[in-house]
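Read-outs: derived from the displayed coordinates by stated rules, not from any lab. The structure presented is a predicted model; accordingly, all values stated were derived computationally and were not measured. Note that we place each Cβ from the backbone using ideal geometry, even for glycine, and neighbour counts take in every protein chain shown.
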Amino acid sequence: MKQSGLTSQWDNLLCNVGAWEGSFTSLSSRGEIQADTPTLVTLEGLDDRKLVRQTIDQFSVDTGEMTQHRVLEYRSLGRGILLFEGGAFSQGSIQLAPSTEFGAELGFLWGEHRLRLVQVFNEAHQLSGLTLIREHLQGKPSADRPALTVEQLIGQWQGESITIDLNWRSTQGSTALSVKQEGDRLHQHLTLPHLEFSSSAQIIGSTLLFDQGKFPIQVLLLADGASSNTPLLLPKGQPFFLEAGWLINPNLRQRMIRSYDAQGGWSSLTLVTEKRIA
């Protein structure tokens, strides 16, 4: 087990320094586009990189004029965020509580591109909406990846996982994922450190509904090779997870899993980097 302290976490945050041009795309709980807003998010390391200033600018689709300007500054990290080496991160709710909204952001960083996904649940703990954020460094070309499809997921995948707990301790391991389609159902077999299981989903257009477990889980296949994996209703008294995926190229995918325990407390964050081998 490896110790990953606060200094390392701060260094991981600094990997996101730069001017990130892109858009915030608001989606319904079924993945339908509701609005798309051009954005520029700038992160600066100031005061000998002990201060991070984040500037969030939003622009009108029609006129290009700035419609919102926000500035946030950080000298420390909150309890709800963890970051991986290289800058990928997740921040959000640390405890599921009755009659309160719940949600998380899961963010990937690969070279000159970032992909972030915000998953929001209402006070009844039903999935109420998503925000897909696609960004590239200003002055660099956008990736223009196509929307994710079932066919792009089929195959044999092998990878490596790293899991960080809330004390910044990390563990690593190997993963294997087999995905195949039979008619209108998708079947997968997943092997993780200390865990192996099979699951099956109904394919409904660009939605995968895993309907045979303790509670239904929905996977939405989204633009830019992204995917969103959540319960439709957050369960009581059972562990659950929120997951985002990103198909970086046809044979390389990352998945980030934010895990919660049976009491609804955030317990760990996992990043899987996997390659298609067949």
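Assorted remarks:
- Region 5-46, subset out of contact with any Ser or Thr (no Cβ under 8 Å at 6 or more places or on another chain) and under 20 Å from Phe121 (Cβ atoms), residue surrounded by the fewest Cβ atoms within 10 Å (Cβ to Cβ): Glu32
- Search result, residues across region 56-102 that are at positive phi and either in contact (Cβ under 8 Å) with a residue 40 or more places away in the chain or within 22 Å of the chain's Cα centre (by Cα) (or both): Gly86, Gly87, Gly92
- Of the residues making up region 176-190, those that are aliphatic (A, V, I, L, M) and either surrounded by fewer than 15 Cβ atoms within 10 Å (Cβ to Cβ) or within 28 Å of Ser267 (Cα to Cα) (or both) are Ala176, Leu177, Val179, Leu190.
- Taking region 229-260 as the range and being of a type outside the set (A, V, I, L, M, F, W, C) and either touching a Cys at 6+ places or on another chain (Cβ under 7 Å) or within 18 Å of Leu96 (Cβ to Cβ) (or both) as the test, the residues that pass are Asn229, Thr230, Pro231, Pro235, Lys236, Gly237, Gln238, Pro239, Glu243, Arg258, Ser259, Tyr260.
This table checks each residue for (1) surrounded by 16 or more Cβ atoms within 10 Å (Cβ to Cβ); (2) over 26 Å from Leu82 (Cα atoms); (3) in contact with a Lys or Arg (Cβ under 6 Å, 6 or more places away or on another chain).
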residue: His125; (1), (2), (3): yes, no, no
residue: Gln138; (1), (2), (3): no, no, no
residue: Gln152; (1), (2), (3): yes, yes, no
residue: Gly159; (1), (2), (3): yes, no, no
residue: Ser170; (1), (2), (3): yes, no, yes
residue: Ser174; (1), (2), (3): no, no, no
residue: Leu208; (1), (2), (3): yes, yes, no
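- In region 48-80, residue surrounded by the most Cβ atoms within 10 Å (Cβ to Cβ) [restricted to those that are under 16 Å from Val17 (Cβ atoms) and hydrophobic (A, V, I, L, M, F, W, C)]: Val52
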